[in-house]
Amino acid sequence: MQLPADFPEAYKAPFVEILNLGITRTPEELRLGVKVHLSRIAKTARTTEFDEDVAVGIGQGLLGLLELPLKEEPQRSWVLAAVSYYVNMDDEEPDFTPGGFHDDAAVFNAVARAMGRPELVVQI
């Protein structure tokens, strides 16, 4: 499957693995998943030190991408996989540690740029 042009090499394998699962979710289900993870982030931030601003920025950016019409491939699959990657707390870097959302941000940023939404890119 085709990936965004500037997709980070270090995260290609897990992203392709998600793409190959062929997960199908409605935009409403994806939004709910992002909102649940944002809630988890807010709760965890009260007791744990991690990059909360990065984590929230990714979630808000994903919600922004989910507002786009996602009818065409591969963009639809990219957004679905980016959401799946974001809500998975056991990805390449454990989320709730310092720097733990940097992999999620790299994945999200590549997808946001590929979707023509560079203004959503999260600064790491």
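Quick check on my filter: what residues within the stretch 1-51 are farther than 17 Å from Pro94 by Cα and among the aromatic types (Phe, Trp, Tyr)?
Result: Phe7, single match.
If I ask for residues that are closer than 10 Å to Gly61 by Cα and in a loop (DSSP other than H, G, I, E, B), which ones from the stretch 103-119 would you list?
Answer for the stretch 103-119, where residues must be closer than 10 Å to Gly61 by Cα and in a loop (DSSP other than H, G, I, E, B): just Arg117.
Whether any residue in the stretch 60-72 is over 13 Å from the mean Cα position of the chain (by Cα) and in a helix (DSSP H, G or I) is what I want to check.
There is no residue in the stretch 60-72 that is over 13 Å from the mean Cα position of the chain (by Cα) and in a helix (DSSP H, G or I).
Select from the stretch 64-87 the residues that are over 17 Å from Thr24 (Cβ atoms) and surrounded by fewer than 17 Cβ atoms within 10 Å (Cβ to Cβ) and list them in ascending order.
Across the stretch 64-87, the qualifying residues are Gly64, Glu67, Leu68.
Looking only at residues in the stretch 89-124 that are touching a residue at least 12 places away in the same chain (Cβ under 8 Å) and more than 16 Å from Asp51 (Cβ to Cβ), which one is surrounded by the most Cβ atoms within 10 Å (Cβ to Cβ)?
Restricting to residues being touching a residue at least 12 places away in the same chain (Cβ under 8 Å) and more than 16 Å from Asp51 (Cβ to Cβ), the top hit is Val111.
No value in this document is a laboratory result; all are computed from the given coordinates. No experiment lies behind these values; they were computed from the predicted model shown. Cβ: placed from backbone, ideal geometry, glycine included. Neighbour counts: every protein chain shown.
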